Amino acid sequence: MAENGLKKKLNIAVVGGGLVGSLEALYLAKRGHNVSLYEYREDIRNTPQVRGRSINLALSVRGRTALKDVGLEDHIIQNHGIPMKARMIHRTDGSTYEIPYDARTNQCIYSVGRNYLNGLVLKETENYKNVEKHFNHKLIEANLQKGALTFLNTDTKGTVQVNADLIIGADGAFSAVRKAMMKQPLFDYSQKYIEHGYLELCIPPTEDGQFQMPANYLHIWPRGNFMMIALPNQDCSWTVTLFMPFQNFKAIDSEESLLDFFTKYFPDSIPLIGQKRLVEDFLGGSPSPLLAVKCRPYNVADKALIIGDAAHAVVPFYGQGMNAGFEDCTLLDRLFQYHHDDLAKILPEFSETRWRDTFAISDLAMYNYIEMRDLVTRPSYLVRKAMDDFLFWLLPGVWVPLYNSVTFTTMPYSHCVKNREWQNTVLLYLFYFIIFCVFVGVWSYLR
Ligand SMILES: Cc1cc2nc3c(=O)[nH]c(=O)nc-3n(C[C@H](O)[C@H](O)[C@H](O)COP(=O)(O)OP(=O)(O)OC[C@H]3O[C@@H](n4cnc5c(N)ncnc54)[C@H](O)[C@@H]3O)c2cc1C
Ligand SMILES: Cc1cnn(-c2ccc(OCc3ccccc3)c(C(=O)O)c2)c1-c1ccc(Cl)c(F)c1
């Protein structure tokens, strides 16, 4: 707050014009600050889909809350997002069965196009004169304490010096802002590449432009050590993502081995994708790596902050990465409101209150990665899921299954984990009680 009691207009540089950076620029613009958004790539509204990034994503409540704050939720929900009301599980014999997310309240997640959503947010910033966007600007140097940034203009090959009151790094999992932050003392950092990679395939629409599979589902082919999912697109196609260890991708090096593999594990998908297209896209593509990043704190004094994947890249086995990054923007805005734009209070508080939840969703996503490989076919997993669903039906306000609390509520991720631990304890005692009752019953019968 300025001396005269008026709100001080900050000059804020946002590095990274992806999903989270463009949303953060919009939040800050709505607060009246001068925002300069710097993006390495060209304006995605003028370029085709970038390979090596998921084409569509699952949007859930946390992301919707952020879009609602900036006035874009209704547009996405009513004009673009495709509701997925249940999982459609595909067995190896090609048969399917569905598991609703929550039959009572019609909860659903939405499949949204990455480029569409990114372009929509960027377009919305054009309603604010206090936002400048600079594409083809790659951050190459940063002195965070001084608020000084150096960009390479990939068009002119010249460098651009920028000074800002606040630097926000939303430049993704390989963040240059985080790299500068790592020079600070007491900055903790860890990363993990998992053994699985992912490759995206496409199920085209029918000749008359309709979906080839039931549209309002998240289609899942759980196959132990590898899994495949499909999310619907606006053009009635499906973006199929195969998650598999790199060594398995490497072993499939010919049309014959590819078709043998898909015939064995995903037979129903071959006619949907098309044999020719499957061979071309699989053998013509290469799997992308999956990286998890954990670090803290997220700020340097009152000068710089990292959000989104720059702060907490997670493996995609919960569909929460973007939702968590959008939630960063929501929580940051609440802190701007509460502390009247006082960065000396906002930034440290964001770091201190956020890291437990981002660590929690990172662990949950990694656990899901393991769970989905091992437990989906294990009877005990299926019994647990059935008990979860029964108790959720019986005590909806009390017993909220982990996936539902993560996906359909804004309960802090760390509380979702605590909730799950409490449920595990209750189920364990319930299991012991059932065993005891069976024992007493048998003993009484045999007396
Ligand atoms: C296979 C897969 C599936 C996924 N599915 C889901 C899902 O269903 N739901 C979900 O919520 N999340 C999902 N995610 C996660 C989601 O994609 C990310 O969490 C999200 O994109 C993070 O957004 P971001 O803006 O923080 O980072 P990014 O999307 O990586 O954007 C960072 C931006 O910064 C720019 N940049 C990078 N370096 C510089 C630099 N030096 N200077 C200037 N600009 C720079 C980049 O060009 C980019 O535009 C998935 C991820 C993967 C890989
Ligand atoms: C993109 C996105 C959005 N949500 N989810 C998701 C995640 C976990 C889920 O449950 C645990 C479980 C599902 C299937 C088998 C065992 C456990 C469920 C569910 O239950 O619907 C949904 C994903 C996703 C992302 C990657 C893979 Cl590989 C995947 F299968 C789904």
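Taking 35 Å as R0, compute the FRET efficiency from the Cβ-Cβ separation of Thr263 and Arg104 and round it to 0.05.
Numbers: r = 39 Å, r/R0 = 1.13.
Given R0 = 35 Å and the Cβ-Cβ separation, E is 0.35.
To the nearest 20 debye, what charge dipole does the stretch 126-279 have about its Cα centre, counting +1 at the Cβ of each Lys and Arg and -1 at the Cβ of each Asp and Glu?
With Lys and Arg at +1 and Asp and Glu at -1, about 660 debye.
Sum up the charges of everything whose Cβ sits under 14 Å from the Cβ of Ile346, counting Lys and Arg as +1 and Asp and Glu as -1, but leave Ile346 out.
-2
Given the Cα-Cα distance of Tyr367 and Thr410 and 0.36 nm per residue of separation, how much length would full extension add, in nm?
Gain in length upon complete extension: 13.5 nm.
List the pair-distance distribution P(r) of the stretch 164-248, using every Cα-Cα distance, as the percent of pairs falling in each 10 Å bin from 0 up to the bin containing the longest distance, rounded to whole percents.
14, 28, 21, 22, 12, 2, 0
For the chain, what is the accessible area per residue in Å² when the probe is 1.4 Å?
For the chain, the per-residue accessible area is 47 Å².
In a solvent-free Debye calculation with one equal scatterer on each Cα, what is log10 I(q)/I(0) for the stretch 340-447 at q = 0.18, 0.23 Å⁻¹, listed in the order of the q values?
-0.99, -1.31
Three principal axis extents, largest first, for the C-alpha atoms of the stretch 402-447, in Å?
Extents along the principal axes, in whole Å: 54, 15, 8.
Let me test this: with uniform point scatterers at the alpha carbons of the chain, what is the Debye-based log₁₀ I(q)/I(0) at q = 0.06, 0.07, 0.09 1/Å?
-0.29, -0.39, -0.64
Tell me which of Gly197, Gly284, Thr425 sits at the most positive position along the dipole axis of the chain, charges placed on C-beta atoms (Lys, Arg +1; Asp, Glu -1).
Checked the options; the winner is Thr425.
In the stretch 300-447, if the dipole is taken from +1 on Lys/Arg beta carbons and -1 on Asp/Glu beta carbons about the Cα centre, which of Gln320, Leu402, Ile306 is farthest to the positive end?
Positive-most Cα among the choices belongs to Leu402.
On a 28 Å Cα-Cα criterion, which of the cross-link pairs Lys7/Lys68; Lys133/Lys157; Lys7/Lys183; Lys123/Lys146; Lys30/Lys345; Lys30/Lys138 come out too long?
Lys7/Lys183; Lys123/Lys146
Which order do the peptides 99-108, 389-398 take when ranked by the mean count of other beta-carbon atoms within 10 Å per residue, highest first?
Output ranking for 99-108, 389-398: 99-108, 389-398.
Could you order the peptides 314-320, 194-200, 359-365 from most to least packed, using the average number of other C-beta atoms within 10 Å per residue?
The most tightly packed comes first, giving 314-320, 359-365, 194-200.
In whole Hz and in residue order, list the ³J(HN,Hα) couplings for the stretch 156-166 that follow from phi through the Karplus curve 6.51 cos²θ - 1.76 cosθ + 1.60, θ = phi - 60°; x for Gly and Pro.
With coefficients 6.51, -1.76 and 1.60, one gets 8, 6, x, 9, 10, 8, 9, 10, 9, 5, 9 Hz.
Hey, what number do you get for the chain at 222 nm if only DSSP H runs of n ≥ 4 count, each worth -39500 (n - 2.57), divided across all residues, to the nearest 500?
So the calculated ellipticity at 222 nm is -13500 deg cm²/dmol.
Quote the charge dipole size of the stretch 209-268 about the Cα centre in Debye, to the nearest 20; the model charges only the Cβ of Lys and Arg (+1) and of Asp and Glu (-1).
Result for the stretch 209-268 is approximately 240 debye, rounded to the nearest 20.
Express the Stokes-Einstein translational diffusion coefficient of the stretch 1-159 in µm² s⁻¹, to the nearest whole number, given a Kirkwood radius over alpha-carbon pairs, 10 °C and a viscosity of 1.306 mPa s. Walk me through the numbers on the way to the answer.
Values: Rh = 18.2 Å.
Taking Rh from Cα pairs, D becomes 87 µm²/s.
Between Glu256 and Met387, how many nm apart are label points set 7 Å from Cα along the C-beta direction?
4.9 nm
Nearest 20 debye, what's the magnitude of the dipole of the stretch 76-203 about its Cα centre given +1 on Lys and Arg Cβ and -1 on Asp and Glu Cβ?
Value, rounded to 20: 120 debye.
Please give the net charge around Pro267, taking every other residue with its beta carbon less than 14 angstrom from that of Pro267, where Lys and Arg add +1 and Asp and Glu add -1.
With Lys, Arg at +1 and Asp, Glu at -1, the net is 0.
Of Pro267, Met244, Ser254, which is farthest along the charge dipole of the stretch 230-299 in the positive direction, counting Lys and Arg as +1 and Asp and Glu as -1 at C-beta?
The one lying farthest along the dipole's positive direction is Met244.
What does the net charge come to around Ser257 if you take all other residues with beta carbon closer than 11 Å to its beta carbon, with K and R at +1 and D and E at -1?
So the surrounding residues net to -2.
Could you please tell me the mean projected area of the C-alpha convex hull for the stretch 315-359, averaged over all directions and given in square nanometres to one decimal?
3.1 nm²
The values are calculated or read from the model by the stated rules, or taken from the named source; none is laboratory data. Just so it is clear, the structure is predicted and the values come from calculations on it, not from any experiment. Counting neighbours? That spans all protein chains shown, and the Cβs are built from the backbone with ideal geometry, glycine included. When the accessible area is computed, the model is the full protein with side chains, heavy atoms only, and any ligands, DNA or RNA have been set aside. Shrake-Rupley method; radii C 1.70, N 1.55, O 1.52, S 1.80 Å.
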